[in-house]
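First comes the structure, then the notes that go with it.
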Amino acid sequence: MFVETAPPSAARSPVTAARATWRRRLARAAVPYAYVAPALAMVVIWTYRPLVGTAQLSLYSWNLLPTAPARPVGLDNYRRLLELPDLGHAVGRTFLVIVGLLPFTLLVPVVVGLLTRRVRGRARTVYQAMIFAPFLVAPVAAASVWLWLLDLHQGVVNRALGLSVNWFNDPHLALWAVILMTGWSLLGFAVLVVAAGLAGINPDYAQAAALDGARRGQITRWVTLPLLSPTLVFLLLMTVLLSGQLTFPLINTVTQGGPLNSTTTIYYLLWDYGFRDFNAGLASAAGILFFLGFTVLAAGLVWLSEKVTFHDN
């Protein structure tokens, strides 16, 4: 009786085995990149591709009309932009907005976060939800409410304080009113971030300090706040990078950059150049300059954040 068997398989050569091993390693290494590929594609499509287009458009003079061809002007848009006094004024107002928002994104959230740590149970969740609620209100709706609150004749604020102040038409007060509206909406987000940072601090540090005789204020000053510093640097970074974008819808709805350009920040200046003066090249040049400036600021703050985090570790 004969049984048919398969012929023995030929042994693989070392080159073939090395290639198979390399392919398996490549496949395993490509798996994480496959997960992030859709997000990277969106970043390229919605961020870097428009950025390249903006850089190209900054070298042309164009009035946004399809029938008018773009005329190459080289670096003339950048030279003209740096000669305009509006640029320096807008940068100064943006800096003032950032400084004015810091109490709403750093000081008050830390105080509220430390106070709410003493609240337990569902009451703490209710308090945090009430503080976070303004962040969910649409900017246009919030602007309408603030228009009513700060109205010259019927406003609740003027009536309560016994004043007769035209908040949005006074060049000395309009920007501070915008800062107040923006800070009111940002406060809830900042409080939530600070609460998350406090929750991530190991309570053993405070207990060890208390055993050594440290008082509550000393524990907060020398233990809690240093451990919370990475969170505070993150909030500072968000304030610097997002303040102009968050104030734009409020300025566009309430003041339109006035009175006397007192609320024209850099983001509103971009919109003004592009969609009011119809100068796409000048607006693109301003956008590139602002992008480079904020990139330098962001790099410095990220470096500071890494230093602070490394020191805590």
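Derivation of every value follows stated rules applied to the coordinates shown; laboratory data play no part. What you see is a predicted model, and the numbers here were worked out from it, not measured in a lab. Methodologically, a virtual Cβ is constructed for each residue, glycine included, from the backbone with ideal geometry; neighbour enumeration extends over all protein chains shown.
Structure values in brief
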item	result
Stretchable slack from Leu292 to Asn166, in nm (0.36 nm times residue separation minus alpha-carbon distance)	41.7 nm
Test item: Cα-centred dipole of the chain, Lys/Arg +1 and Asp/Glu -1 on Cβ, debye	1080
At 0.692 mPa s and 37 °C, Stokes D of the chain from Kirkwood alpha-carbon radius, µm² per second	136
Point-charge dipole on Cβ atoms (K/R +1, D/E -1) for the range 156-307, about Cα centre, debye to 20	320
Cα-projected label distance for Arg215 with Ala20, points at 7 Å along beta-carbon direction, nm	7.4
Dipole of the chain, positive direction: furthest Cα of Ala280, Ala141, Ala174, with charges on the beta-carbon	Ala141
Cα centroid of the range 257-310 to Cα centroid of the range 70-135, whole Å	13
Whole-Å distance, taken between Cα centres, linking the range 225-254 and the range 164-210	9
Positive-end residue, the range 80-312 charge dipole about Cα centroid, Cβ charges, pick of Leu242, Gly188, Val97	Gly188
For the range 112-129, Karplus couplings with θ = phi - 60° (6.51, -1.76, 1.60), whole Hz, Gly/Pro x	5, x, 5, 6, 6, 5, 7, 8, 10, x, 6, 4, 5, 5, 5, 4, 5, 5
Residues with amide H under 5 Å from that of Gly258, placed H, sequence gap 5 or more	Thr263
For the range 14-57, diffusion coefficient by Stokes-Einstein and Kirkwood Rh (Cα), 4 °C, 1.567 mPa s, µm²/s	100
Karplus-derived 3J(HN,Hα), 6.51/-1.76/1.60, for each residue of the range 260-269, Hz, glycine and proline x	6, 6, 6, 10, 7, 8, 5, 6, 5, 5
DSSP-loop trypsin sites (Lys or Arg not before Pro) across the range 97-203, with at most 11 other Cβ within 10 angstrom	Arg118, Arg120
Leu260/Phe135 FRET efficiency (R0 25 Å; Cβ-Cβ; nearest 0.05)	0.20
Label point 7 Å beyond Cα of Gln207 along Cβ direction - residues of the range 105-147 with amide nitrogen under 20 Å	117-121
Ala299/Val126 FRET efficiency (R0 35 Å; Cβ-Cβ; nearest 0.05)	0.30
Virtual paramagnetic centre 7 Å along Cα→Cβ of Ser144, amide N under 14 Å, in the range 249-281	253-254
Residue order, fewest to most beta carbons within 10 Å, for Phe248, Phe132	Phe132, Phe248
